[in-house]
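Okay, so here's the structure we're looking at.
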Amino acid sequence: MRTVYRGIWFGASLVLLLAGWEAVCRLFAIPPFILPPPSAVLLAVWDLREQLFGLHLWATLREVLMGLAASIVFGIALALAMNLSRTVERLVYPYIVISQTIPIIALSPVFILWFGYELSGKIAVTILFTFFPIVVSTYDGLRAADPEMVNLLRTMGATRWQIFAKLQLPASLPHFFSGLKVAATYSVGGATIGEWLGASEGLGYFGRRASGNFQAPALFASVLLLSVLGMLLFWLAGTIERRFAPHTRTNTPKQMKSQ
C-alpha cells in the first residue's frame, strides 16, 4: 500500500511539474531553442522514434549493461580478494580510493585514448564510473559481519567457507545492492560521456549532435530517454534486491529490547 501511495504522489508531482513547465514556456514565450515545452519534447520523441529507439537507445543500453556487468564481476572478485587477504587489502584499497580523488570526467578521455572510440572505449568509461561503488560497498558489507558471531562460529568448528556462506555473505548483500543501485544510475552517465568523447551512435552522441545543431527538443528527447533508462535500471536493481535480500533491515535498539 505504501508503494501505491508513493506512486500516486510521484505521479501527481510529475504532472504538476510538467504543467508548470509548459505554462512558463508559453506565458513568457521562451524560444524553443532555449527551453522547449514538454509537449515539444514528447513530439520530438515521437517524430524521431525510429532513430532514438531503433538505433541510439539500444547502442547506449548495450554499453551500459556490458560495462555494469564487468564492474559487478571484477568488483565482487576484488572485494572478495581484499576480504580474504589483508595483504591484498593493504596494497589495493588505497589505490581504489585514490582513483576517486581524480575527476572521473578528466580520466574519461584517457580511457578513450587507451581503449579506442569503438564499443570497448565506451565500456571502459562506464566501468570507470561504476566500479568504485560496487567494490567498496561489497567489501564493507563483507567486513560488516558481527565479530562476535564470527568468533562463535570459529569456536564451534566452522570452516572459513562456512563462516563466509552462513554469515558474511548474507551480511554483505544489503551493502552490495546499495552500491549496485548507485552504480546502475552512474552507468548511464558513464556511457553518455563515452559517447560524447567519440561515437557514431548512442543517446549521448545523438544529444551532442542535436546540441551542436541547436535542436533543443531533440536534445531534451535524448535526455528524457537517458533519465528513464537510469530510473529503470535503479528499479531493476531494487527488484533484484527484494528478491534475493528481502531482510535488509537490522534490529533497532528498541526492537532488541522488546525481544
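The values are calculated or read from the model by the stated rules, or taken from the named source; none is laboratory data. Please read all numbers here as calculations on a predicted model, not as lab measurements. We place every Cβ from the backbone using ideal geometry, glycine too, and count neighbours over all the protein chains shown. For accessibility, only protein heavy atoms count, side chains too; no ligands or nucleic acids. Shrake-Rupley method; radii C 1.70, N 1.55, O 1.52, S 1.80 Å.
Quick notes on this one:
- Residue that is modelled with the lowest pLDDT [pool: residues in segment 226-243 that are of a type in the set (Gly, Ala, Ser) and surrounded by fewer than 18 Cβ atoms within 10 Å (Cβ to Cβ)]: GLY238
- Positions within segment 99-143 being among the hydroxyl-bearing types (Ser, Thr, Tyr), over 22 Å from GLY179 (Cβ atoms) and in contact with a Gly (Cβ under 6 Å, 6 or more places away or on another chain), in sequence order: TYR117
- Residues in segment 22-43 that are β-branched (Val, Ile, Thr), under 18 Å from PHE214 (Cα atoms) and more than 28 Å from the chain's Cα centre (by Cα): ILE30, ILE34.
- Evaluated against (1) open to solvent by less than 60 Å² (accessible area, probe 1.4 Å); (2) farther than 19 Å from GLU89 by Cα, GLN168 falls short on exactly one condition, (2).
- Residues being β-branched (Val, Ile, Thr), loosely packed, with under 11 Cβ neighbours inside 10 Å and either modelled with pLDDT of 90 or more or more than 24 Å from TRP235 (Cβ to Cβ) (or both) - total across segment 1-42: 2
- Here PHE176 passes the criteria (1) farther than 23 Å from GLY121 by Cβ; (2) open to solvent by 60 Å² or more (accessible area, probe 1.4 Å); (3) part of a helix (DSSP H, G or I) except the one numbered (2).
- Pair list, Cβ < 6 Å and 6+ apart or interchain, from segment 55-75 residues that are closer than 10 Å to ILE123 by Cβ to residues that are of a type in the set (Phe, Trp, Tyr) and buried (at least 19 other Cβ atoms within 10 Å of the Cβ): SER71/PHE131
- The residue pairs whose first member lies in segment 93-109 and is within 24 Å of GLY198 (Cβ to Cβ), whose second member is assigned to a helix (DSSP H, G or I) and open to solvent by less than 40 Å² (accessible area, probe 1.4 Å), and whose beta carbons are closer than 7 Å, counting only pairs six or more residues apart or on different chains, are ILE104/LEU128; ILE104/PHE129; ILE105/ILE193; LEU107/LEU128; SER108/VAL125; SER108/LEU128; SER108/ILE193; SER108/GLY194.
- Test set (1) open to solvent by less than 40 Å² (accessible area, probe 1.4 Å); (2) within 25 Å of LEU219 (Cα to Cα) - ALA81 fails condition number: (2)
- Selection of segment 122-154 for residues being farther than 30 Å from GLY204 by Cβ and at pLDDT 85 or above yields TYR139, ASP140, GLY141, LEU142, ARG143.
- Among the residues making up segment 187-204, those that are among the hydroxyl-bearing types (Ser, Thr, Tyr) and either buried (at least 23 other Cβ atoms within 10 Å of the Cβ) or part of a helix (DSSP H, G or I) (or both) are SER187, THR192.
- Selected residue [closer than 22 Å to ALA106 by Cα, in a helix (DSSP H, G or I) and out of contact with any strand residue (DSSP E or B) (no Cβ under 7 Å at 6 or more places or on another chain)] from GLY207, GLY238, GLY230: GLY207
- Considering residues of segment 139-165 that are closer than 19 Å to MET82 by Cβ and among the aliphatic types (A, V, I, L, M) only, the residue most open to solvent (accessible area, probe 1.4 Å): ALA144
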